[in-house]
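Visitor: Please read through the structure below; I'll follow up with questions.
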Amino acid sequence: MKEWEYTPAKDHGLSPHDALKSTWREPGLISSLFHTIWLTVCQVYFKTYHRLTVRDSGFFPQAGPFVVVANHCSHLDAPAVISSLPRKLRPVAYPLAAGDAFFSTTRGAWFGALFLNALPVWRKRSARHSLGDLRNRLEKRNVVFILFPEGTRSRDGEMGAFKPGVGMLVAGSTVPVVPCHIEGTFRSLPPGAKWPKRSPLAVTVSEPVTFPDQNHDREGWISIANRLAQRIKDLEPSPVDSV
């Protein structure tokens, strides 16, 4: 029998504000309570207000770690994807959010961490180091990362080019990546809108893909980003099938 070993939480010893901004943030009693309430509210909201449809949900793995990547048009996207996951995986789902946008203020950090369960990616000062920490956590924990590789919300509803950061997370790794296409969020809550319109939403899930043989360098990261972008474009419904 393996001898018991004490391993302190990675965010142990950090101040409350610094712990909220840590890529290794561990859930506590209070944060777990807030997040559970938030998940319940989101599930009811998307089911009743938007009649959320999840297509091919069987492609989601039954356990982590894995990464979900999707197109990005709205602040509704992350909670819509979380609501589409199998119920047991929702508490360990972490949207990756721009640290300089969501975690630069105390109020934003508390909301992002306690309700969205988001982890920061610091774009301007230490993106490579931040993604390296996230990759390490992804390989060592039963987690689900939700990533929008465009890096920002679409201003016209069309999907933009994917940034190579997603490749940094999974190149040379056996961690699955699940491409998803989100439909309807741009109509409901485009950038600049203050309140979502009541309209149907759909999340279409694709078969997971892995990149164990892809070089862990910039060329490999770009290749992964482009391949995933094409997989998501292939999920776009025809006008006849649109919700």
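Visitor: When the residues of the stretch 171-197 are filtered to those that are in contact with a helix residue (DSSP H, G or I) (Cβ under 6 Å, 6 or more places away or on another chain) and not in a strand (DSSP E or B), which remaining residue is surrounded by the most Cβ atoms within 10 Å (Cβ to Cβ)?
Guide: If we take residues in the stretch 171-197 being in contact with a helix residue (DSSP H, G or I) (Cβ under 6 Å, 6 or more places away or on another chain) and not in a strand (DSSP E or B), then T185 is surrounded by the most Cβ atoms within 10 Å (Cβ to Cβ).
Visitor: Could you tell me which residue of the stretch 218-243 is surrounded by the fewest Cβ atoms within 10 Å (Cβ to Cβ), considering only residues that are at pLDDT below 95 and acidic (D, E)?
Guide: Among those residues, the one meeting the criterion is D241.
Visitor: Now, a different point. Being part of a loop (DSSP other than H, G, I, E, B) and touching a residue at least 12 places away in the same chain (Cβ under 8 Å) is the filter; apply it to the stretch 102-116 and report the residue that is farthest from S32 (Cα to Cα).
Guide: Quick first cut of the stretch 102-116, residues part of a loop (DSSP other than H, G, I, E, B) only: 103-105, 115-116.
If we keep only those that are touching a residue at least 12 places away in the same chain (Cβ under 8 Å) as well, we get 103, 115-116.
Working: F103: 19, F115: 9, L116: 11 Å.
It comes out as F103.
The values are calculated or read from the model by the stated rules, or taken from the named source; none is laboratory data. No experiment lies behind these values; they were computed from the predicted model shown. Backbone-built Cβ (ideal geometry, glycine too); neighbour counts: all protein chains shown.
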